[in-house]
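Q: Have a look at this one before I ask anything.
The values are calculated or read from the model by the stated rules, or taken from the named source; none is laboratory data. Quick caveat, the model's predicted, so the values are computed rather than measured. Cβ coordinates were reconstructed from backbone atoms using ideal geometry, including for glycine residues, and neighbour counts include every protein chain displayed. Only protein heavy atoms, including side chains, enter the accessible area calculation; ligands, DNA and RNA are left aside. Shrake-Rupley method; radii C 1.70, N 1.55, O 1.52, S 1.80 Å.
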Amino acid sequence: MQRILFFDIETVPTEHGFKHGKPRGPEEPEEQYIKRLSLSALTARVLCIGYALEPPPDAPVEILSGEEAVILKEFWGLVERADLYVGHNVLDFDLKFIVQRSTINRVKPSREIPFARFRNAPVFDTMQEWTRWGREGAGLEALALALGLASPKDGMDGSQVYPAFVEGRAQAIYDYCRGDVDTVRRVFRRLRFAEGS
């Protein structure tokens, strides 16, 4: 039976990023500045990784959190146990970010994950599969709603992760990340015509 790792990451800017990243422009809104810093492995870190490893089907979504190097080591341990890696926009963001932050933290990946385009194994990127490798992209929420699935963004969205982090609301961030992983899993099954499996 194929072992599938569903996952999603949340990132926040680092002190290094605030100090050495491109400064905020005079016309740049603070929210845009934080988003820019949060999306680069040069200026942000992995705050948490949500994941579910199947089988069993509908395995609970767990959260890796704490010190970044430890999160990364635990993630690469999961990678060794899986055959297929599933997430939304993971080729252009999540996996790339994890590999880059692993390099910064001197955490050697447990295996080489190919970033090859136009295939769906061992990485199944739900965004790329939906767009058929087009340029238009599709957000996870928009795709879920189009497929008749519940929105993963109830109560929080990506722009609220850093404010929640500053306020010490880690559990709210973890719950948000869990919701994204659950949604990715349901989207994956719809794209595979495999509901109920």
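Q: At 7 Å along the Cα-to-beta-carbon direction for both Ile104 and Leu84, put a label point, then send me their distance in nm to one decimal.
A: Going by the 7 Å Cα→Cβ label model, 3.2 nm.
Q: For the chain, what is the relative contact order in percent, using Cα pairs closer than 8 Å and at least 6 residues apart in sequence?
A: About 25 percent, as a whole number.
Q: In debye, nearest 20: dipole of the stretch 58-193 around its Cα centre with unit charges on the Cβ of K, R (+) and D, E (-)?
A: Computed about the Cα centre, the dipole is about 500 debye.
Q: What does the accessible area per residue of the stretch 1-48 come to in Å², with a 1.4 Å probe and no ligands, DNA or RNA counted?
A: Here the residues of the stretch 1-48 average 59 Å² of exposed surface.
Q: Ranked highest first by the average count of other Cβ atoms within 10 Å around their residues, in what order do 103-110, 87-94 fall?
A: Per-residue Cβ counts within 10 Å, averaged per peptide and sorted highest first, yield 87-94, 103-110.
Q: Any lysines with Cα under 19 Å of the Lys22 Cα? List them, leaving off those in the same chain fewer than 8 positions away.
A: Lys35
Q: What is the Cα radius of gyration of the chain over 2.2 N^0.38 Å, N being its residue count?
A: Compactness ratio reported: 1.00.
Q: Report, in order of residue number, the helices in the chain meeting two criteria: a C-alpha extent of 20 Å or more along the helix axis, and a mean Kyte-Doolittle hydropathy of at least -1.0; treat each whole DSSP H run as one helix.
A: Counting only whole DSSP H runs, the qualifying helices are 170-191.
Q: Tell me, what % of the accessible area of the stretch 143-197 is carbon and sulfur with a 1.4 angstrom probe?
A: Exposed carbon and sulfur together represent 53 percent of the surface.
Q: Run the paramagnetic zone check for Lys73: 7 angstrom along Cα to Cβ, then residues of the stretch 89-130 with backbone nitrogen under 11 Å.
A: Once the point is set 7 Å along Cα→Cβ of Lys73, 107-108 turn out to lie under 11 Å by backbone N, inside the stretch 89-130.
Q: Then there is this: Distance between the C-alpha centers of the stretch 136-197 and the stretch 38-97? Whole Å please.
A: Each part reduced to its Cα centre gives a spacing of 14 Å.
Q: Here is a further query. Pop a pseudo-label 7 angstrom from the Cα along the beta-carbon direction at both Gln2 and Asp92 and give the gap in nm to one decimal.
A: Calculated label separation equals 2.3 nm.
Q: Report, in deg cm²/dmol and to the nearest 500, the calculated mean residue ellipticity at 222 nm for the chain, where each DSSP H run with n ≥ 4 adds -39500 (n - 2.57) and the sum is divided by the residue count.
A: -11500 deg cm²/dmol
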